[in-house]
Structure formats: structure tokens, C-alpha cells
Amino acid sequence: MKAASFPTSAVAFHTLALLYFGACVAGLVRESQALGGRRGMIDLGVAVAAGGLALLSAWALVALARARPLSAVRSHSEVGTYVQVLAAMVGLALLGLHLVSAQERPALGAFCLGVAGWLGGVGLHWVPSLFLGSEGFIDSLGRRTRFSELEWFTLQKHGGEPPRVLFQAGRGKLLRLEARLAAADAEGLRVRLQQAGLSPLPK
């Protein structure tokens, strides 16, 4: 777990995403007007999706800025999840390259390429996906889980190479947070959680 600092990589990622998808909205609207008909309506619907991603990045930027300083917690997904994300990225990238190179629908192609890159940042953890602040946790999309919403936590070692630790935290019988962490982060996280008043569940 890294020392508390400004979440530079996450802020840079969401700033780029905000600008990129904002530009995609304008391009898709223009392309929709030029195409007309059914294809134009599809582009208009995709423009709404691009606007949603831009707003999501704007929200994440505000949430990350308000919660700093933050410590990045190195989290990882299951291998199967990485494979699914990679497959989606490859499919979107190929479609985007075809649409852009053929000049058939370049705005739609640019959006597909952007989503492929966005999936890499979020799904492949190119940027940290979980941060620990003074009041609780915040993920890379700006969703917060405060210490006041939690009562207990567990850190369970999983086999494999490199070793991973399954982190879970909740309140009562409700699981509020779950992540697979690098084993090196487990002890530092345990200390921080106990300092925040959370109780470790007995094994």
C-alpha cells in the first residue's frame, strides 16, 4: 500500500476520459445529423452513452479531489475477469479501427476505441482501482465506503503466484466491500482498519 498522496494517475485518466468522451459526444451528434434515419438514431444513442461516461469521469474527479490525500491499495481481479475484459477490448478496438479506417462512421469508431482504452484503465487496473483515505475507501469511479458504514473486516490468504489476499468488510451480516489485494498490502491495511475502529472477524 503506497503512502498517502494525490491520486495522480487516476486523476489524469479521468481528465483524459472526460475530454475524450466529451469530444465524442460532439462528433457523434454531427455524424447523426449527417447520416439521418436509423443509423443516425444509433449514433445519437451512442452519443448519450458517451455523455454518460464523460459525466462519470467528472464525478470521479470531484470525488477523488475531495477525498485526498489517498493511499493506493493494489487490487487485482480474477484471471477469468481479465480474459473477458481483454476480449471486449480487442473486439471494440477492431470495430473502431474498421470504422475509422474505412471512413464509414469515424465518430462511432473513435468512441469504440475510447471505450476499449477506458476498459483497460478500469478493468485491467492500469490505474489504481481502490484508495484508502482518512474517512474510508473510494474506488477509481468515485464510489465511497466510509468507515462509519463498516464494523468488521477479514483478510484471508489465497494460494497462487503471486500470492493474493481476499479483503472483505461489512456491517452486521451485510458485505459492503470486497477486493483481492497484493499480499504485501495486507498488514498495513489491517493496522489502518483497526485504528479506524473496525474489528477483525475471527478465522
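Here, each number is a calculation from the coordinates, and none is a lab measurement. Quick caveat, the model's predicted, so the values are computed rather than measured. Methodologically, a virtual Cβ is constructed for each residue, glycine included, from the backbone with ideal geometry; neighbour enumeration extends over all protein chains shown.
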Point to revise | Protection proxy ranking of 11-18, 98-105, 63-70 - average other beta-carbon atoms within 10 Å, highest first | key: 11-18, 63-70, 98-105
Exercise for review: Find the all-direction average of the projected area of the Cα convex hull for the chain, expressing the result in square nanometres with one decimal place.
Suggested key: 12.8
Practice item. May I ask which residue of G96, S71, G197 lies farthest towards the positive end of the charge dipole of the chain, with charges of +1 (Lys, Arg) and -1 (Asp, Glu) on Cβ and the Cα centre as origin? Key: G197
Review point. Between L55, Q33, G123, whose Cα lies farthest towards the positive end of the dipole of region 8-130 when Lys and Arg beta carbons carry +1 and Asp and Glu beta carbons carry -1, centred on the Cα centre?
Key: L55
**Study point:** Label point 7 Å beyond Cα of T15 along Cβ direction - residues of region 56-78 with amide nitrogen under 16 Å
**Key:** 57-66, 68
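Counting helices only, and only those DSSP H runs with n ≥ 4, report the 222 nm mean residue ellipticity of the chain as the sum of -39,500 (n - 2.57) divided by its residues, in deg cm²/dmol to the nearest 500.
About -19000 deg cm²/dmol.
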Check your understanding: Under a point-charge model restricted to the Cβ atoms of Lys and Arg (+1) and Asp and Glu (-1), what is the dipole moment magnitude of region 8-130 relative to its Cα centre, in debye to the nearest 20?
Key -> 220
Point to revise | Angle in degrees between helix 8-35 and the longest Cα principal axis of the chain, rounded to the nearest 10 | key: 30
